[in-house]
Amino acid sequence: QVQLLESGGGSVQPGGSLRLSCAASDSLFFIYSMAWYRQGPGKQRELVARIITAEMINYADSVKGRFTISRDNAKNTVHLQMNNLKPEDTAVYYCRAFKNGNVYWGQGTQVTVSS
């Protein structure tokens with residue numbers, strides 16, 4: 001079992017920034033990949049960013065150049081730095097871990113971008 005706890009969500013104006021964090025109950029050394037997903041109102045959950053190693057990262061086209069995912073193995077934490085936020089980024093953001101063939105989800109954190 002891996003427990004994930006997200007933090008850092010909130011409300012921000014367009015063009016603003018937020019930093020999401022996801023703390024894992026297990027060492028990241030034992031977790032193959034960590035990812036952020038989001039689900040906007042009336043939309044399906046979609047991949048935002050995924051990190052396996054510092055050299056193996058992928059982003060959704062809609063966030064490339066604005067969002068940065070990183071992992072702090074010493075603190076068992078993954079971050080998502082979100083810059084130049086847009087109203088269409090409004091969603092519940094979920095952290096996901098993939099370990100030994102199993103998928104684990106956090107409870108989600110709300111991000112609202114509105115003027």
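Here is how the numbers come out for the structure above:
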item: Selection from the range 12-29 of residues that are assigned to a strand (DSSP E or B) and either within 17 Å of Gln81 (Cβ to Cβ) or acidic (Asp, Glu) (or both); result: Val12, Leu18, Arg19, Leu20, Ser21, Cys22, Ala23
item: Only one of Gly108, Gly101 that is modelled with pLDDT under 95 and over 18 Å from Gly15 (Cα atoms); result: Gly101
item: Any hit, the range 33-52, residues being of a type outside the set (Ser, Thr, Tyr), in contact with an Asp or Glu (Cβ under 9 Å, 6 or more places away or on another chain) and more than 18 Å from Ser7 (Cα to Cα); result: no
item: Scan of the range 60-81 for residues that are of a type in the set (A, V, I, L, M, F, W, C), open to solvent by less than 70 Å² (accessible area, probe 1.4 Å) and over 15 Å from Glu46 (Cβ atoms), ordered by number; result: Val78
item: Residue identified as over 17 Å from Val111 (Cα atoms) and either in a loop (DSSP other than H, G, I, E, B) or open to solvent by 50 Å² or more (accessible area, probe 1.4 Å) (or both) among Ile57, Ile51; result: Ile57
item: Filter result (over 13 Å from Ile69 (Cβ atoms), hydrophobic (A, V, I, L, M, F, W, C) and open to solvent by less than 60 Å² (accessible area, probe 1.4 Å)) within the range 6-38; result: Val12, Leu18, Ala23, Ala24, Ile31
item: Matching option when the condition is in contact (Cβ under 8 Å) with a residue 24 or more places away in the chain and under 15 Å from Leu20 (Cβ atoms), among Thr68, Thr90; result: Thr90
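The values are calculated or read from the model by the stated rules, or taken from the named source; none is laboratory data. These figures come from a predicted structure and were not determined experimentally. Quick reminder, even Gly has a Cβ in these numbers, built from the backbone with ideal geometry, and neighbours come from all protein chains shown. For the accessible areas, the whole protein counts, side chains as well, though only heavy atoms, and no ligand, DNA or RNA atoms are used. Shrake-Rupley method; radii C 1.70, N 1.55, O 1.52, S 1.80 Å.
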